[in-house]
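Below you'll find the structure, written out as structure tokens, and then a few comments.
The values are calculated or read from the model by the stated rules, or taken from the named source; none is laboratory data. From a predicted model like this one, the values you see are computed outputs, not experimental measurements. Every residue, glycine among them, receives a Cβ derived from its backbone with ideal geometry; neighbour counts consider all protein chains shown.
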Amino acid sequence: MSAPPAAAGSAAAIAEPADATTLLPPRPGRLSRLLRMARQQPLGAMGALVLLVMAVFAVGAPYLAPFDPAEGDPTALYVPPNAKYWLGTDAFGRDTLSRLIWGARVSLMVGLGASLLGVVIGAAIGIVTGYHGGWADTVAQRVMDALLAFPMLLLALAMAAVLGPSLQNVIIALAMPIIPRAARIARSSVLVLKATPFIEAARATGCSDARILLRHVLPNTFAPLLVIATAYLGLAIVQEAALDYLGAGIQEPQASWGLMMSGAATALALTAPWIVIFPGIAICLTVLASNLLGDAIRDLLDPKLRRDYP
Amino acid sequence: MFGYVVQRLLSGLATLFLVALMVFVIMRVLPGDAAVMMTGAGAGAISDAELAEVRARLGLDQPLPVQFVAWSAEIARLNLGTSLYTGNPVIEDVAQRFPFTLQIVVMAMLIAVFLGIPAGVLSARFAGSWFDQILRALSIGGLAAPSFWVGLLLILGLVYFFQWSAPLFWEPFWVSPLQSLSQLIWPAIAVGLRQLALIARMTRSIMLEVLGEDYIRTARAKGLAEGAVVIRHGLRNALMPVVTLIGFEFSALFGGLIVTEAVFNVPGLGQYVVNAILNRDYPAAQGIVLILAGIVVIGNLTVDLLYGWLDPRTRVRTAKA
Amino acid sequence: MAKSSRPTAFAVNRREALMLGGAALAATASAGRMARAQTPKRGGTLRVSNGGDPPDYDVLQTATYLTQFVGAPCYSTLMRVDPADYSRLQPDLAERWEVSADGKTVTFHLRDGVVFHNGSPLTSADVVYSLERIRNPPRGIVSPRRGLLGNVDGIEAPGPRTVVVRLKAPQPDFLFMVSNPFNVIYSKAVAEPLDAQGTGMKRQIMGTGPFRLGRAVNGQIYEFERFDRYYGGPAHLDKIQMFPIRGEIERGAALQGRRIDASFFFANESVLQNLRQVQGMTALRRPTPTFINLIPQVEKKPFDDVRVREALSLALDRDAFIKTVGPLAGAFFHSMGLLPPGSPHSLSAEEIKQFGGYDTLPGLGGNLEANRRRARELLRAAGVPEGFKVSLLARGDIPAFRDSSINIAAQLKNIGLDATVDVRDAGAFYTLETTGQFELVAHSVAIAGSLPDQILGEGYTSFGGRNYGKWRDDSLDTLYRQQSSELDPAKRGQLIKQFQLAFLKTYYQINLAWVGYGAAHSNTMKGWTALPDLYANMNLHQVWLDA
């Protein structure tokens, strides 16, 4: 997802903040409510379902994967899909299905990790500097602008090279480009909120700044942040694959979808297409699902956000 | 207005300065040694003294702040320096590579606009129908597929089914338009899918909003043809945010072609900057990042100014945000 | 798995080349080769791709084959390997050469009427300047292969067409060392002022070869036009176009789509396999002097302990490595000892089997389980605990490098080492490797030439360019020098064997496999012979298109 087109637009859209928290608490008849929501948002429900399946794979990988993802069978190299290896094996004789299942863990961790980290840090910067204003705000804004102007994948690539290879470093590298985008959105929400009588009233009753930020500002920026978090979840997964393609991402023998379809694997696309096709489909499905779910959440939380987070 | 423009220009310059500082620091923090990369990357017997001499000749033995000041001074005089790897002035390498990147960006945006806007409009017009659902799923699919994967499948599909691969010599569009199109249409498709998805989604959202407005209902009530209502009254009013999005995406796309250019072997800026980073070609890497960031800054500035000019109500708010 | 079929008369031929003059020999060799059914056709443009862009054109300063490939059609060397017989030299710029009885003075007689592309005639001063530039480069110029001429004591030019090289000690392999395909001859008048500026010949090509560099656009194309005043007669081709295409799969697609006629570097076997099925295409793989070694950094604990290094060797199943990594990196071949497959100096099965783990080479029937038990014992004796962490440095953007490391790491797990692969980008990888900041590294090392001095000198001496493991062993270096200067072939053979046995015992480097280069070309390309060493036959003078 890109940054919202213009900060001005978002300011207008959140002029009447929806209280997101009131939508969420569980009520009696939860199941029927869920079903109704699923009927309203069939695509969103499908997205949620796919993500759920992926999450089950990710959590249950050690139990669900039929084979060890790193241990190859030297007598079964490049085996096409068959009864034993449902999705075939790769150049090292490793089971594609098992690697896909373990790869779900990496991809979801990268996606969730990077988007949460980026959004949390970005939101914290945006909210605090936006609320306080002054020179800190000006400096933070310029730094965020600079990060925004820095080509996203290059930033991640450079960060990955600086930090060295590991799952957590890939997460940090991919969170970097998300920070300024989240900060921008959070800040513009705060600017609008600051001017509303509701915050002024809180201030008049003697609330501390910290309390205002935590109790009043944060919940009201929650909806747009949740929406962009789901969008960046998908983007982070795609970007992780791109980093793998450039040789700077997740490292073998760990299984990751991006890794499964880059490097020497690409050369096999004609002779052993299953090695490259299935991880690509897995990425497409997951990213598609996270975007569909994001859309649904957006529509349920606050349809007005549509204009800024299409 | 004038004061506003000056203020925006100054903040743009400040942004670029910070980008320069960031890219300088990142390049120097990267493990690796430009001198090693320049002298054959360890495949031969190069003594430490020789390496030190190379470093001294490039000024890499100076303290980092001194190096940064020296480099910024050159940048301020619009001199990007000489590539350590190709030995050409960076600006020449850029000039030679820029047209290809530009052409992919333009073609990708054209594909995205001419398919994305109609898709978005139709989707909004038939909102909630199966047609809408499928179109939406497809357009998000564009966001979901890694462009290098799509690119790889394109290359292999063409050669497998048609025994065809793209011509290898890259002429700029104005020299041989047909050949250029036949080479660059594929990377443009691979990245255009993503832009298409963004634009289709934006168009759909805005159209939904606009189609619910009173004046649309009035127009319908007056008995205007549905097509005229949607296009003349709906789309025209929905277009501004879409155009804004296109503007931002256009300038951001220049830096987003790294992987796609590598897959299609396009001699563009993206490949150049990746190679520069891998080879620790400091002047080239720093220069290109600065140029890419400059394009984004100028793009955003232009869009904001146009926006403010078209819709004076936003001017103050944009300035504030 | 084809084995190299180099004639066993290898050593004899080489000695003949050294003792007699070269001209007569070369004449007989090329007579057979020229007797072809078809007469070459003139004209046409050959389109090739070998990988990415060369960083620059200075063949003497470079370390990458990409530069050598661009230089090969444009430059000449003193002698070159006979395409019909890899063990012989044929004249290039030197039409005759003599070696003194004590083996310490070599006289080259240069061909008459050789001109550079700018029209100026070649003289002995150009040869002296180029050889000195390799041996002892001017300030600001580097020379990665100076070791090739490490035995040279002095170079003189008594006449305009005579060059005399004095050696410190006799060196039977010297003629091959000086004829290394990278050792091209520059024009002194052109190179000297540029060298003084520190830029060298990086930006231009001025040689005496059959083609001269025309249009060159970084990232796009390198064009070569026929040089009609080439001393060997004009080439058949009008033009050569080289396209920098990095990815193997993209190069395969370009071949299949008939956008190029030939491509000479395919590591991955699947791509070649696919091309083999294309009509009118020839795809081949030949063993080449490129080996894949696991190299421990011996300054780092516990790799300073030879028991630990031996344990590493014992852990490795070389047969399995060739089966899995082979198709990915082109590493299909194996050799007994340090010299390339089929070398007359290869060790016997009994000799190689005494070194830990080498009995797992294909066909030697080693007991892997016993090896690994022994490896664990050695590790225990050396005080290395179970689950000890080791890391293999690997380069991320070359799949063949990465895949070798993945396989090795997986194998090392079998002896209780917790091995991980530390993948870095090119810039970090080379810096860490050359400065010894790693524990283990494994990748292919390509050497231009198969002779003992070439392979052992560059790859297996403390002072050679490829001593990444930072070991220092004077007795080995002395042994190397002894074999290098031994004129009696039988005695030299003994010394070479002794060197290999002594080196293998140290486990400073652990050999896994040998690489074969993959090449594919359209059948319309004629007149190109695939030599075991790809560098040696790239001037494309005799290549023609049957279109």
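Comparison of B:Ser180, B:Ser176 shows that the only residue that is more than 14 Å from chain A (Cβ to nearest Cβ) and touching a residue at least 12 places away in the same chain (Cβ under 8 Å) is B:Ser180. Condition first: among the β-branched types (Val, Ile, Thr), surrounded by fewer than 20 Cβ atoms within 10 Å (Cβ to Cβ), without any contact (Cβ under 8 Å) to a residue 40 or more places away in the chain and assigned to a helix (DSSP H, G or I). Can you find one or more residues in segment B:55-67 that meet it? Scanning segment B:55-67 turns up at least one residue that is among the β-branched types (Val, Ile, Thr), surrounded by fewer than 20 Cβ atoms within 10 Å (Cβ to Cβ), without any contact (Cβ under 8 Å) to a residue 40 or more places away in the chain and assigned to a helix (DSSP H, G or I). Checked against (1) modelled with pLDDT under 85; (2) away from chain B (no Cβ under 11 Å), A:Ile171 passes all but a single condition, namely (1).
Taking the stated definitions as given, is C:Ile352 among the β-branched types (Val, Ile, Thr), farther than 30 Å from A:Leu246 by Cβ and part of a helix (DSSP H, G or I)? Against the criterion (among the β-branched types (Val, Ile, Thr), farther than 30 Å from A:Leu246 by Cβ and part of a helix (DSSP H, G or I)), C:Ile352 qualifies. Of B:Ala49, B:Ala41, all but one fail to be at pLDDT below 85 and loosely packed, with under 14 Cβ neighbours inside 10 Å; the exception is B:Ala49.
The residues listed here are C:Ile205, C:Ile221, C:Ile185; of these, the one that is touching a strand residue (DSSP E or B) at 6+ places or on another chain (Cβ under 8 Å) and buried (at least 24 other Cβ atoms within 10 Å of the Cβ) is C:Ile205. Of all residues in segment B:229-239 being surrounded by fewer than 18 Cβ atoms within 10 Å (Cβ to Cβ) and over 13 Å from B:Tyr215 (Cβ atoms), which is farthest from the other protein chains (Cβ to nearest Cβ)? Result: B:Ile231.
The residues listed here are A:Thr205, A:Thr138, A:Thr129; of these, the one that is in contact with a helix residue (DSSP H, G or I) (Cβ under 7 Å, 6 or more places away or on another chain), free of Cβ contacts under 8 Å to residues at least 60 places away in the same chain and either more than 8 Å from every other protein chain (Cβ to nearest Cβ) or β-branched (Val, Ile, Thr) (or both) is A:Thr129.
Only residues that are within 12 Å of chain B (Cβ to nearest Cβ) and outside any helix (DSSP H, G or I) were counted in segment A:208-241, giving 0.
Determine, yes or no, whether C:Tyr230 is within 12 Å of another protein chain (Cβ to nearest Cβ), in contact (Cβ under 8 Å) with a residue 60 or more places away in the chain, on the phi < 0 side of the Ramachandran plot and not β-branched (Val, Ile, Thr).
no
Residues of segment B:195-214 that are more than 9 Å from chain A (Cβ to nearest Cβ), surrounded by fewer than 24 Cβ atoms within 10 Å (Cβ to Cβ) and not aliphatic (A, V, I, L, M): B:Gly212, B:Glu213, B:Asp214. The helices (runs of 4 or more DSSP H) found wholly in segment B:226-300 and carrying at least 2 residues that are more than 12 Å from the chain's Cα centre (by Cα) and closer than 30 Å to B:Val5 by Cα occupy B:236-253. If you scan segment C:45-91, which residues turn out to be within 13 Å of another protein chain (Cβ to nearest Cβ), in contact (Cβ under 8 Å) with a residue 12 or more places away in the chain and part of a loop (DSSP other than H, G, I, E, B)? Within segment C:45-91, C:Gly52, C:Asp53, C:Pro54, C:Pro55, C:Asp56, C:Tyr57, C:Asp58, C:Val59, C:Leu60, C:Gln61, C:Thr62, C:Ala63 meet the criteria.
Scoring C:Asn268 on the criteria (1) touching a residue at least 40 places away in the same chain (Cβ under 8 Å); (2) more than 30 Å from B:Tyr160 (Cα to Cα) leaves a single failure, condition (2).
Can you pull out the residues in segment A:264-275 that are crowded, with 24+ Cβ neighbours inside 10 Å and either farther than 18 Å from C:Val271 by Cα or free of Cβ contacts under 8 Å to residues at least 40 places away in the same chain (or both)?
A:Thr266, A:Ala267, A:Ala269
Residues are listed down the side, and each one gets a yes or a no for (1) touching a strand residue (DSSP E or B) at 6+ places or on another chain (Cβ under 7 Å); (2) buried (at least 24 other Cβ atoms within 10 Å of the Cβ); (3) modelled with pLDDT of 90 or more:
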{"residue": "C:Ala381", "(1), (2), (3)": "no, no, yes"}
{"residue": "C:Glu386", "(1), (2), (3)": "no, no, yes"}
{"residue": "C:Ala394", "(1), (2), (3)": "yes, yes, no"}
{"residue": "C:Asp403", "(1), (2), (3)": "no, yes, no"}
{"residue": "C:Asp418", "(1), (2), (3)": "yes, no, yes"}
{"residue": "C:Phe438", "(1), (2), (3)": "yes, no, yes"}
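If the condition is being touching a helix residue (DSSP H, G or I) at 6+ places or on another chain (Cβ under 7 Å) and within 14 Å of chain B (Cβ to nearest Cβ), then segment C:140-168 contributes C:Gly140, C:Ile141, C:Val142, C:Ser143, C:Arg145, C:Arg146, C:Gly147, C:Leu148, C:Leu149. Has segment B:15-32 got at least one residue that is more than 30 Å from the chain's Cα centre (by Cα) and within 29 Å of C:Pro138 (Cα to Cα)? Within segment B:15-32, not a single residue is more than 30 Å from the chain's Cα centre (by Cα) and within 29 Å of C:Pro138 (Cα to Cα).
For segment C:191-205, what are the residues that are among the aliphatic types (A, V, I, L, M) and under 24 Å from the mean Cα position of the chain (by Cα)? Those that are among the aliphatic types (A, V, I, L, M) and under 24 Å from the mean Cα position of the chain (by Cα): C:Met201, C:Ile205. Of the candidates C:Gly337, C:Gly330, the single residue that is away from chain A (no Cβ under 14 Å) and small (Gly, Ala, Ser) is C:Gly337.
The helices (runs of 4 or more DSSP H) located wholly in segment C:366-457 that include 3 or more residues which are away from chain A (no Cβ under 14 Å) occupy C:368-381.
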